[in-house]
Amino acid sequence: MTFKASALSWSTWNWLSAAPTDVGMRLNEAFASFAAQVNANPGQSNPLAILRNHASATGTSRYGYVWRLGHPSAPVLLRFSNSGNRQGYNLSSSSAQFQLALESTYSNDSSTDGYGSFSSTLFQLNAGLTHYGPDGSPSQSWGGVLLVLMDTTPGQEFFSYTLGPTGAEIYQGNQTLVLFRTPHSSNWNVHVFLSEVYGGQGYSDNGFLAINDSYVSGFLSPAPPSGNNQQLVRGLGFTPAVQATGSFSANRLQPRIQLPSCFWLGTNAHTDPRRFSRTSSPIGNGTFYQLGAAGSVSFSRDLWLLLPTGTPAAMTGWGTVGALPWTSISDRLSFCPLAPLEPLLLGGSAQNDFVTDWPGLAAGAPGVAQHPFFSLQLQGSGSGSGGGGSGGGETGGSRRPSTGVLWPRGAI
């Protein structure tokens with residue numbers, strides 16, 4: 001079994017620390033373990049690597065990491081760091097930030113407090129972690145957790161971590177990052193889920209997809225349940241953001257890139273506390289754990305993990321996921337695994353539309369016959385179904401026109 005999970009907790013959780021026993025360097029330990037295993041898989045000519053970690057900090061306020069995501073021709077770097085001890089009051093005001101950039105744009109030097117600098121980035125977003133610990137401003141001595149998941153199966157490798165304080169401050173935020181591979185991409189896809197988990201103030205999920213060997217932003221399609229639906233869904237597909245000109249080819253079928261199957265998205269807005277909840281799987285052989293929740297607002301969404309019974313530890317010396325401070329809740333949720341989504345036919349417009357966004361057999365004759373626009377071209381001048389109907393005034397469903405023909409109109 002290559003799917004593994006481990007977790008650690010602290011009574012005082014301090015992101016602004018480079019101590020080997022604190023959260024930053026334990027996260028570095030986890031990713032180093034994953035990278036070593038993945039780099040040993042066949043065909044890994046461009047390996048994962050760690051360029052920076054907490055020990056790279058030259059100042060007293062910026063801490064984080066720079067990870068190299070290997071690729072045959074266009075490796076990228078993922079950097080996460082905070083730019084100060086300011087804690088912020090919501091996701092957008094946090095000083096922490098994710099940046100995704102081509103390695104060719106990176107200056108591998110001591111700038112930016114030891115974390116190097118980019119001349120340009122592909123994507124960046126504010127990253128939560130609104131409380132950093134007792135060295136913050138103002139200081140906080142909350143506890144916290146680090147949960148790590150990994151699968152090293154060739155072709156479907158993924159690494160995920162969840163960082164989350166466990167105090168009672170309403171503006172604290174959870175952060176979950178997922179790096180994952182699919183057969184549809186030669187690069188690593190990135191998903192970031194952020195939530196202000198206690199007060200239910202807001203959330204953010206962002207997908208950055210490797211389409212045709214280039215990164216584009218993406219959105220979950222169809223949208224997961226939100227608000228008061230009390231439903232979790234697995235099998236959602238990321239759809240690349242459609243642009244007139246961009247890094248994917250227009251008018252071609254694109255795969256729906258799905259998160260690893262252990263992740264479920266939905267809502268649990270009725271349940272308090274709105275994070276670190278767990279419930280038994282209704283189909284058995286596992287437990288659902290709530291990694292991030294946005295609470296009671298109507299647009300909120302949650303991220304959950306379905307952990308199979310008997311999942312082995314990812315690293316020695318770490319604890320189990322079940323030992324974290326979860327709150328068991330009654331099974332009030334409904335669970336809906338979706339059927340595998342068909343590829344999407346993408347056009348060149350700014351939005352998906354019914355002409356180009358026609359999945360399934362859209363590229364073949366059966367798809368044309370069912371298409372809401374193209375099927376009309378098969379029906380003659382009248383309205384009618386694809387199997388007959390009125391056409392040009394003829395009886396019996398004929399599609400022959402009543403005028404302008406070049407042959408005798410005999411009985412049909």
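A simple count of charges around P340, restricted to other residues whose Cβ falls under 12 Å of its Cβ and scoring Lys, Arg +1 and Asp, Glu -1, yields +1. Taking 0.36 nm per residue of sequence separation and removing the Cα-Cα distance, the S217/A313 pair yields an extension gain of 31.3 nm. Computed 3J(HN,Hα) for region 230-241, one whole-Hz value per residue from the Karplus formula 6.51 cos²θ - 1.76 cosθ + 1.60 where θ = phi - 60°, is 6, 9, 10, 10, 10, x, 5, x, 7, 10, x, 4, glycine and proline marked x.
Amide H to amide H, with H built 1.01 Å from N, S277 comes under 5 Å of Q290, T327, counting only residues 5 or more places away or on other chains. Look at M150, M25 and count the other Cβ atoms within 10 Å of each Cβ; fewest to most, that gives M25, M150. Overall shape of region 1-80 was characterised from the C-alpha gyration tensor. The equivalent ellipsoid obtained from it has semi-axes of 26, 18, 8 Å, in decreasing order. Which residues' amide hydrogens lie under 5 Å from the amide hydrogen of F219, considering only partners 5 or more residues apart or on another chain, with H built in the peptide plane? Under 5 Å from the amide H of F219 lie the amide H atoms of T239, A241, each far enough along the sequence or on another chain.
Distance from the alpha carbon centroid of region 175-194 to that of region 4-26 works out to 23 angstrom.
Values of log10 I(q)/I(0) for region 3-346 across q = 0.08, 0.10, 0.11, 0.14 Å⁻¹ run -0.35, -0.56, -0.69, -1.19, by the Debye formula with one identical scatterer at each alpha carbon and no solvent.
Computed from backbone phi with θ = phi - 60° and the Karplus coefficients 6.51, -1.76 and 1.60, the 3J(HN,Hα) list for region 9-23 is 9, 10, 6, 10, 9, 10, 5, 8, 8, 9, 5, x, 8, 8, 4 Hz; x is used for glycine and proline. Figure legend: label point modelled 7 angstrom from the Cα of A323 along Cα→Cβ; residues of region 29-48 with amide N under 18 Å from it are 29-30.
Laboratory data are not the source of any read-out in this text; all were calculated from the coordinates shown. What you see is a predicted model; the values in this text were computed from it and never measured. Glycine gets a Cβ as well: all are built from the backbone with ideal geometry, and neighbour counts include every protein chain shown.
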